[in-house]
Amino acid sequence: MGAGYGRAVTASPTRHHPGFTQIPVVSLRSWSGSDAERQEVADSLVRACHEVGFFLLVDHGIDQGLIDRYFAALKDFFALPVETKALMAKANSRHFRGWEAIGAELTNNRVDYREQIDLSSEHPARDADVQPPYLRLDGPNQWLPEEILPGFQDVVTDYFAALSTLANEVMSVLAVGLGLAPETFTARFGERPLSFMKLISYPPTPAGQAGVNGHHDAGFLTLLMQHGVGGLQVENQSGEWIDVPPRDDAFVVNLGEMLQSMTGNYLVATNHRVVSPAQRYSSAYFHGPDLRASLAPLVLDEEFVAAVEASPRHREAGFMARREQLLDGEKGLAGTSVSVFGEQMWNYYVRSYPDLVRAHYPETLTAP
């Protein structure tokens, strides 16, 4: 097995307790310090990802002025009339980019009570019938005409780029904490990394519903800004929902199923949802590789492997079910991992937007 990167690897022991009760806080301040300080940051970050799968990242280096300008632009967009927002309706994009009204997305086959914009890294579009189908996800974003919302595209693009840089840094920290070379994940991400971002408006959640229902994220790493209002909840080992406090100085970071798969379940994707007590704005950036990127497991030190085997929570951690499994009545975590990143993302769109997939690519759906 791997000998580690510049140190003798010691995996954090798995703690057998009823469940975490708060979200850990990790600072990047010392990541620019000495080798010992860098290792301490990496160890604390990996420990949070192993034990909880969520953490609050402070001292992240993203300019507060950029965050403020972006948040103002986000609010300005959602204040527009519906007919104006509909100029960039997701239904018009065969790459599933654009605006959608409340109730357009499904999670675990249940309607999510939120309005949002979806956008992604922009690459040249491939042919509409390219195989395998997941390659059809590459393509352009939709934007409003500049005169309707001046500066919106620029500030959103700048924010997206800043979070991409931060996410790459966090992935380097994770690699070091796993005893690997810092560039391990960058090398895996390939020539056309495809990351995603959701700009979200949550009205107060009606009783018995959710802004977004319980789920795992599909990708590698998520950076989330709650913009001052809570509502995000994380499910612990005992099935209790733990509130994630909104902090203006912190990004919420959580892991997706692809990182869970690549680390042999040592790092976990944790179930989470949103139940919003008031009008809430949120921004979620999902860091991802080339659609063709292999998800072959990393070679980790035996201590990490043993820690997984010793923990039922990690050993038995599952993946979101595919749409056909949901239609057959399977539970939300009945799925299995895949071998290529694009397969995971295609499964997400088929599960969450079956009507859009049917509209653009009817031949790809095998279930009603």
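Each reported figure results from applying straightforward, stated rules to the coordinates on display, with no laboratory input. The structure displayed is predicted, hence computed values, not measured ones. Methodologically, a virtual Cβ is constructed for each residue, glycine included, from the backbone with ideal geometry; neighbour enumeration extends over all protein chains shown.
Pick from V229, V176, V130: which is most flexible by mean-square fluctuation in a GNM of the chain where alpha carbon atoms under 10 Å apart are linked?
V130
Is the C-alpha gyration tensor of the range 256-297 telling us rounded, prolate or oblate? Criteria: a/c under 1.5 is rounded; beyond that, a/b larger than b/c is prolate, otherwise oblate.
Numbers: a/c = 5.14, a/b = 1.92, b/c = 2.67.
In terms of gyration-tensor shape, oblate.
Taking H placed 1.01 Å from N in the peptide plane, check which residues at least 5 places from A293 or on another chain put their amide H under 5 Å from its amide H.
F341, G342
Compute the acute angle (0 to 90°) between the alpha-carbon long axis of helix 152-177 and the principal axis of greatest extent of the alpha-carbon atoms of the chain; round to the nearest 10°.
Between the helix axis and the principal axis of the chain, the angle is about 20 degrees.
Under 11 Å from a label point 7 Å along Cα→Cβ of R110: give me every residue in the range 175-203 with its amide N that close.
No residue qualifies, since no backbone N sits under 11 Å from the label point.
Among D59, D112, D217, which one shows the highest mean-square fluctuation when the chain is modelled as a Gaussian network with alpha-carbon springs under 10 Å?
Of D59, D112, D217, the Gaussian network model singles out D59 as fluctuating most.
To make sure I understand, if each residue's beta carbon is the centre and we count other beta carbons within 10 Å, what order do T21, T270 fall in, fewest to most?
Details: T21 10, T270 22.
Ascending Cβ contact count within 10 Å gives the list T21, T270.
Ranking S30, S172, S238 by Cβ neighbours within 10 Å, fewest first, what do you get? Before the final figure, lay out the partial values.
Numbers: S30 15, S172 20, S238 11.
Least to most surrounded, the residues fall as S238, S30, S172.
Which distance in nm do the two modelled labels at A89 and R29 give, with both placed 7 Å along the Cα-to-Cβ direction?
Each label point is offset 7 Å from its Cα along the Cβ direction, giving 5.0 nm.
Between 0 and 90 degrees, rounded to the nearest ten: what's the tilt of helix 35-51 against the longest Cα principal axis of the chain?
Result, in degrees: 70.
Give me the percent relative contact order of the chain, please, defined on Cα pairs under 8 angstrom at least 6 residues apart. Display every interim value, and only then the final one.
Working: 750 pairs, mean separation 77.9, N = 368.
Dividing the mean separation by the residue count of the chain yields 21 percent.
Over what distance in Å are the Cα centres of the range 111-126 and the range 55-86 separated?
Cα centroid of the range 111-126 versus Cα centroid of the range 55-86: 16 Å apart.
Label the range 135-252 by shape, choosing from rounded, prolate and oblate, from the square roots a ≥ b ≥ c of the eigenvalues of the Cα gyration tensor; if a/c is under 1.5 it is rounded, and otherwise prolate applies when a/b is larger than b/c, oblate when it is not. Each step should come with its number before you reach the end.
Details: a/c = 1.78, a/b = 1.05, b/c = 1.69.
Oblate, because a/c is 1.5 or more while a/b does not exceed b/c.
Sum -39500 (n - 2.57) across every DSSP H segment of at least 4 residues in the chain, then divide by the residue count to get the 222 nm mean residue ellipticity, nearest 500. Walk me through the intermediate numbers first.
Numbers: 11 runs with 109 residues, N = 368.
One gets -8500 deg cm²/dmol as the mean residue ellipticity at 222 nm.
Compute the helix-to-body angle for 341-352: its Cα long axis versus the longest principal axis of the chain, expressed 0 to 90° and rounded to tens.
Roughly 50 degrees, rounded to the nearest 10.
Out of every Cα pair in the range 25-361, what percent are spaced more than 32 Å from each other? List each step's numbers first, then the result.
Working: 14232 of 56616 pairs.
Across the range 25-361, Cα pairs with separations above 32 Å total 25 percent.
Could you put T205, T184 in order, starting from the residue whose Cβ has the fewest other Cβ atoms within 10 Å?
On the way: T205 21, T184 18.
Exposure proxy ranking, most exposed first: T184, T205.
Quick check: pseudo-label points 7 Å beyond the Cα along Cα→Cβ at D355 and Q209, how many nm apart are they?
The two pseudo-label positions are separated by 1.4 nm.
Can you list residues from other chains, or at least 5 along the same chain, whose modelled amide H is less than 5 Å from the amide H of Y113?
A210, G211, V212
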